[in-house]
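Contents: one structure, followed by commentary.
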Amino acid sequence: MEFKEKLDKTVKRNDSLLCIGLDPEISKFPKSIQTKKDPIFQFNKAIVGATAPLVCVYKPNIAFYEAYGLEGLEQLKKTIEFLQKNYPQIPVILDAKRGDIGNTAKMYAKALFEYWNADAATVYPHLGLDSLKPFFEYKNKLTILLLKTSNPDSKMFQDMKVGNEPYYLKIAKKIKSWKYANFGLFVGATYPAELKKVRSLFPNRVFLTAGLGAQKGEVRDAVLAGLDKEKKGIMFNASRSILYASQDVDFAKKASEEAKKLRDLINQYRYP
């Protein structure tokens, strides 16, 4: 099943555009989880169990697992396998932010889409088309191209003028000419004007965005800027604001409450 088809079915089933980033920091876990075997996996499993009816996708960021060495990566593998066994209808994006020359990109793509078996992955487009073709060869997977990131200093380089246009927009216009069907785009929710510009160039593409939670992106502006004509087509990621809504034994319940609150707020602007 292609990524978009899988995503659309889950969006409809859960009436949700919410993506939860599974970004574990053991020091923020409840003490009762920290002392368990495989604490990252146990934490993720509890979060997923509490929030699965509220999301359209999960997005583990590989950095949060690499930081714990081989044990962390083993628990990432367990997390992805758990999701695909128990919640096969929910896509998994592996947020790995790769970007390298073609021969190396081929191995990154193999790792992300074969070993990790992710449904989608994040990739920087700045090295050009030959660095992305190895990802595009996986026809049923989505390669999400990072155009404008959500951090405050993204403007330092991504907004630099190339001719009379910012760099991120120049790249977007170049990408628009490509004939590949299986790429999506990332623009941070913290930049709704930029998100609107890129959406206008790609009215039918799947978008990923972030910044509605801990980064305090304006929900209304981001939702209105990012929706496609069918009131979907975009995944709004939140991580810290949901995962760490509580550091007590009720962490999963509180995560569910925060997830529902954000899903419903997004829907409030989807259906004015």
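The values are calculated or read from the model by the stated rules, or taken from the named source; none is laboratory data. Worth saying up front: this structure is predicted, and the values here are computed from it rather than measured. Ideal geometry is used to build each Cβ from the backbone, glycine not excepted, and the neighbour counts take in all protein chains shown. Accessible surface is based on the protein model in full, side chains and every heavy atom, while ligands, DNA and RNA are left aside. Shrake-Rupley method; radii C 1.70, N 1.55, O 1.52, S 1.80 Å.
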Within the stretch 129-139, residues open to solvent by 20 Å² or more (accessible area, probe 1.4 Å) and either assigned to a helix (DSSP H, G or I) or at pLDDT below 95 (or both) come out as 129, 130, 133
Residues of the stretch 92-131 satisfying the condition of being β-branched (Val, Ile, Thr) and within 27 Å of residue 55 (Cβ to Cβ) | 92, 93, 122, 123
Reported set for the stretch 163-198 where residues are hydrophobic (A, V, I, L, M, F, W, C) and either at pLDDT below 95 or not in a helix (DSSP H, G or I) (or both) is 178, 181, 183, 185, 186, 187, 189
Could you please let me know if residue 170 is open to solvent by 50 Å² or more (accessible area, probe 1.4 Å) and free of Cβ contacts under 8 Å to residues at least 24 places away in the same chain?
-> yes
In the list 4, 97, 77, which residue meets the criterion of being over 25 Å from residue 266 (Cβ atoms) and either not acidic (Asp, Glu) or not in a loop (DSSP other than H, G, I, E, B) (or both)?
-> 77
Test set (1) within 24 Å of residue 73 (Cα to Cα); (2) among the aliphatic types (A, V, I, L, M); (3) surrounded by fewer than 22 Cβ atoms within 10 Å (Cβ to Cβ); (4) in contact with a strand residue (DSSP E or B) (Cβ under 8 Å, 6 or more places away or on another chain) - residue 111 fails condition number | (4)
Looking only at the stretch 21-42, decide whether some residue is under 27 Å from residue 250 (Cα atoms), modelled with pLDDT of 95 or more and among the small types (Gly, Ala, Ser).
-> yes
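Per-residue answers, yes or no, for (1) in contact with a Lys or Arg (Cβ under 8 Å, 6 or more places away or on another chain); (2) over 16 Å from residue 237 (Cα atoms); (3) open to solvent by 40 Å² or more (accessible area, probe 1.4 Å):
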{"position": "58", "(1), (2), (3)": "no, no, no"}
{"position": "66", "(1), (2), (3)": "no, yes, yes"}
{"position": "127", "(1), (2), (3)": "no, yes, yes"}
{"position": "141", "(1), (2), (3)": "no, yes, no"}
Lone unmet requirement of (1) over 23 Å from residue 237 (Cα atoms); (2) open to solvent by less than 80 Å² (accessible area, probe 1.4 Å); (3) assigned to a helix (DSSP H, G or I) for residue 103 = (2)
Near pairs, Cβ below 7 angstrom, 6+ apart or cross-chain, from the stretch 235-259 (under 14 Å from residue 25 (Cα atoms) and among the hydroxyl-bearing types (Ser, Thr, Tyr)) to any residue that is open to solvent by 50 Å² or more (accessible area, probe 1.4 Å) and not in a helix (DSSP H, G or I) = 241/214
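Residue by residue, here is whether (1) in contact with a helix residue (DSSP H, G or I) (Cβ under 7 Å, 6 or more places away or on another chain); (2) in a loop (DSSP other than H, G, I, E, B); (3) among the β-branched types (Val, Ile, Thr) holds:
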| position | (1), (2), (3) |
| --- | --- |
| 235 | no, no, no |
| 241 | yes, no, no |
| 247 | yes, yes, no |
| 257 | no, no, no |
| 261 | no, no, no |
| 264 | no, no, no |
| 269 | yes, no, no |
Of residues in the stretch 128-156 being of a type in the set (Lys, Arg) and free of Cβ contacts under 8 Å to residues at least 40 places away in the same chain, the one nearest to residue 176 (Cα to Cα) = 133
